[in-house]
Amino acid sequence: MADDYNRAMKRPQGPSNDGELDKLIAGFLSTIPLFAEVTAAEAMEVIRLLRRVDLAPGEVLFEKGGPPLAMWLLGEGCEVEVSVPRGAATRPVVLSTLEATQTVGEMALIDDSPRSATATVVRGGQAQRIEATDFEALRARFHPAAFKMIRRLASEMAGRLRTISRRIAPAAEVSPSLSGGGHAGAPLGMGAKVTPEALASVAQFKDLPSTVRLALAQKLQQHEVPEGAVLFRQGGPGDCLLVLLEGELALLRQGRTLARLAPGSMCGLVSAIDGGPRATDCQATTTARVLRLPRADLEWLFQSGNRFA
């Protein structure tokens, strides 16, 4: 990757320098999954984000609980372990091992939460570092490349969350009966329309410009669900995400409650992002009111650069 990067950064000679350089850089970026959808016109903005660094074996890129300052794109030969500590006397639990062309620490580009794990270099080599502040400046301009990178990062994180979820609570081949005698029933049909004004009172939407809420209102549907209703089942299609407005939802696997969701929570987001099967059952433990966003419309929001995406 380092040689490709150096060739891409060497300005070609001739009257069409800028266009040729953009194409060369875009060709280099297209070999890296994170930048696969970046166009030649967007390539120079992306390449400006990269800072080449040399990683050494044993180097700690970040620690659990630390600040989210940057992410790394691993080069040829690099290997990084992501782990969580279990105590001073025991070895940490390794969540994943990342290699060339994969990213580590990407949540730094998405939110300001403390690190949820520790990343340690196992095998050294060259990598590209992207500072969170640099990416935020690109995202603040609503540059198309930033949205494309976020979409790719979201898909990768969805896959990792599935792996971690299976380790924590292995899935059964067939989802067992739900608590309270719930049953799957029919999928949510056409719901009530949502107004842009109504979205202004919802935590995820209240800070968005009115024009963005208008676009969202055309895609969202509101549903009232009774206590005991099952909104989706483990193994079912990831056809939508849900935002809980009122009531409580429970996520279950093999009869075990993994989480109880309060108003303001989203659920079904991983399947809505990657299109994979549902990892849990979702049941209303009280009468509830939810907003439903179909997966196809979530994808449209990403592709159109909507701020909610």
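The values are calculated or read from the model by the stated rules, or taken from the named source; none is laboratory data. No experiment lies behind these values; they were computed from the predicted model shown. FYI the Cβ positions are ideal-geometry reconstructions off the backbone, even for glycines, and counts take in every protein chain you see.
So, in region 96-106, of the ones that are surrounded by fewer than 18 Cβ atoms within 10 Å (Cβ to Cβ) and at pLDDT below 90, which residue ends up farthest from Leu55 (Cα to Cα)?
Among those residues, the one meeting the criterion is Ser96.
Quick one: would you say Val212 is assigned to a loop (DSSP other than H, G, I, E, B), surrounded by fewer than 20 Cβ atoms within 10 Å (Cβ to Cβ) and either out of contact with any His (no Cβ under 6 Å at 6 or more places or on another chain) or among the basic types (Lys, Arg) (or both)?
So Val212 does not fit the description; no.
Do we find a residue being buried (at least 19 other Cβ atoms within 10 Å of the Cβ) and in a loop (DSSP other than H, G, I, E, B) anywhere in region 136-145?
no
What tally of residues in region 201-232 results from selecting those that are within 22 Å of the chain's Cα centre (by Cα), free of Cβ contacts under 8 Å to residues at least 60 places away in the same chain and under 15 Å from Asn306 (Cα atoms)?
3
Could you identify the single residue in Thr280, Thr286 that is over 21 Å from the mean Cα position of the chain (by Cα) and hydroxyl-bearing (Ser, Thr, Tyr)?
Testing whether each residue is over 21 Å from the mean Cα position of the chain (by Cα) and hydroxyl-bearing (Ser, Thr, Tyr) leaves just Thr286.
Just give me the residues in region 248-284 being over 15 Å from Arg233 (Cβ atoms) and assigned to a loop (DSSP other than H, G, I, E, B), in sequence order.
Glu248, Ala262, Pro263, Gly264, Ser265, Gly275
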